[in-house]
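Since the structure comes first, as structure tokens, the remarks are kept for the end.
The values are calculated or read from the model by the stated rules, or taken from the named source; none is laboratory data. Everything numeric in this text was worked out from a predicted model, so none of it was measured. Virtual Cβ from ideal backbone geometry, glycine too; neighbours counted across all protein chains shown. Note: areas computed on protein heavy atoms with side chains; ligands, DNA, RNA excluded. Shrake-Rupley method; radii C 1.70, N 1.55, O 1.52, S 1.80 Å.
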Amino acid sequence: MTTSTILRNGFSAPVHHHRTRFFLVMMRLNLKFLLVCLCFAVFLITFTLWTNCGSDLPFARGLVPKWNHRYDSVDNQLELTEEIDCVINQEYTIGCRREGDEIYLPFSFLSKYFEVYGSLNTVDGAKRFDWSHSYGKVNNPKGIYDPKGIFMYFENYNVEMRDRVKCISAIEGVPISTQWESQGYFYATQIAQFGLSHYSKNLTEPEPRRKVIEDGEKELADWRVPKNSSLSRSYMKDKDTTVVHFSTGKHFDSAIALPMDHVLDLVLSVNLLLRPNSSFMVTLQNRETQKLYNVIYILADLMMSVQDDNIYYGIGQNSTSTWRRLTRDLFVDLQKGLPQYINTEKRRKMRRTELKVVEISFLGNGSFDNLTLSTSEHISHFYDAAEWMIRHQDQSTGGWPIPVRRKLGVGFGELSRGWYSAMSQGHAISLLARAYHHSKGDKRYLKAALDGLKLFRIPSYQGGVLATFLGKYAWYEEYPTTPPSFVLNGFIYSLLGLYDLNSTAPANHSNEAASLFEQGMLSLKKMLLLFDTGSGTSYDLRHFTLGIAPNLARWDYHATHVNQLLLLATIDPNPIISQTAERWKNYMLGKRAQHN
């Protein structure tokens, strides 16, 4: 054996054994080190969680501060939060919080003190507080105002669902207001807004989905006809259509009925002729609770009556000899009649998607045609409002009288029943001008709109709506009070009515509207800044006419002022309008006029 072989074989084994022992020792040390590190990490995590979450435990209360602390990166010191008293104007004290040099006041106090608004929200899984200086909404015009198109931003209005609307009359097809008298009355301003909102929705919403249930010809429903009741279909030459005739006993179990399971399309339309002691009923079901409700239309001069889950609407005592087109939003009719809607302060309003139609039935004697369910019938509602204006216009004055007393405030004389409003006149004229356009020239609407101008030339103290500021500037009064009140939003709405008529009527009929509009715009430009408070606007000028404190406009009225001026700025380039609108818009963000 050579020396090299001995070296390889004889000495390699001890060296290898030494290396193996060294490796095992290092592995043992590494495992101990890792175990120590792991124990330390577990201890650190446990201690952290205990100090942050364990303050509710008895043994932890002494270790964890009552208030969260923060680290001041500037002074490199730990600052504790403490509760202190804040003395407000040396009048009263509230609880506040101090963190270093900062003092924090409760938002519940700030909200009331400064009339600001806020809410705690979760966005993308993170909590945040949203602060706003006002609750009004600005609707920037999408283009130049079109007097034949959308009225302002009224496509967003849902007049019939306002709390101050008692219901939609089944006789007239328009809202019944409870704004100033709880029993309900017809208020021309609200009716015009109802019509204008549906006209605007018709221009902005998709074409409605319609389902013809029964037309006597192509669509024949499978009616359930009890014994001793009858249903037949026959052609009527004078109407050039086939209609459905029905005859039943007096009791409801003899009614002809059509079971259904129809959802979402809750606007019902039908051509209807009912004989005395007859009725028409739609049964709705809440899809979540399975509760049933009956909405019943009867021959009576009745606004609305509720008996348990039966809601009655009168379609008129004298509707027994003529056909009429009845268009009803079943969701609105049910919502207005729900007992919880009427009797409780905190009303839980049902959602449209919760309802379905489960049955339609007829009782008594009569005929019907074109029974349809749809998602909407905006043009029908629009013409209901326009026709109401035709029927209820005072022919001598051209006005739509308001049948309730109104006291605007201390220092103003009370307005007696039958007073007129420039805002009502303006809204009605805007509605009628659009009806004239949409009907392709129905002169009834044009005549009513033109007659509505008469009151704009009659002084308010003589029963009209015209007031004069400083004996020089004409103003059309929303409330024709003594002394004049000069309400801004109602005046601008009246100007829009004049502009609409001037732009829609034939040239030889529009001179009066044009003259009144130009006169009013001159007054607006001269008087507009009198409503500017430097941080908001005044609702009227009572601080001038009565010599009292200003009547500051709520943020929703202030937003209306801004929206009206933004619209006017699209038809009148005078910078006083656009610049004032922008400044007033900034007031809604907390900006104010500069001080001296």
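Quick rundown of the values:
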read-out	value
Cα-Cα pairs of segment 160-266 separated by more than 18 Å (percent)	69
Order by protection proxy (mean Cβ within 10 Å, highest first), peptides 124-132, 255-263	255-263, 124-132
Where Ser108, Ser169 fall by accessible area, highest first, once all protein chains stay in place (1.4 Å)	Ser108, Ser169
Accessible-area ranking of Val159, Val358, Val123, Val42, largest first, probe 1.4 Å	Val42, Val123, Val358, Val159
Identified option (computed Cα Rg over 2.2 N^0.38 Å; candidates (i) 1.48; (ii) 1.37; (iii) 1.11)	(i)
Cα-based helix-to-principal-axis angle, 511-527 vs the chain, degrees rounded to 10	40
Prolate/oblate/rounded label for segment 386-528 (Cα gyration tensor, a/c 1.5)	oblate
Accessible-area value, Glu219, 1.4 Å probe, nucleic acids and ligands omitted, Å²	80
Mean separation of Cα contacts under 8 Å (6+ apart) over length of segment 97-173, as relative contact order %	14
Solvent exposure of the chain as accessible area per residue, Å², 1.4 Å probe	53
Within the accessible area of the chain (1.4 Å probe), percent carbon and sulfur	54
Angle between the chain longest axis and helix 575-587 axis [Cα atoms, degrees, rounded to 10]	50
Mean residue ellipticity (222 nm) of the chain, computed from DSSP H runs ≥ 4 via -39,500 (n - 2.57), nearest 500	-10500 deg cm²/dmol
Pairwise centroid distance, computed over Cα atoms, of segment 137-177 with segment 353-367, Å	28
Among Val225, Gln193, Val244 - extreme Cα towards positive end, dipole of segment 175-287, charges at beta-carbon	Val225
Normalised contact order of the chain, rounded percent, pairs of Cα under 8 Å and 6 or more residues apart	12
Packing-based order for 308-318, 204-214, 380-390, using average beta carbon neighbours within 10 Å, highest first	380-390, 308-318, 204-214
Burial order of peptide ranges 223-233, 297-307 (average beta-carbon count within 10 Å, highest first)	297-307, 223-233
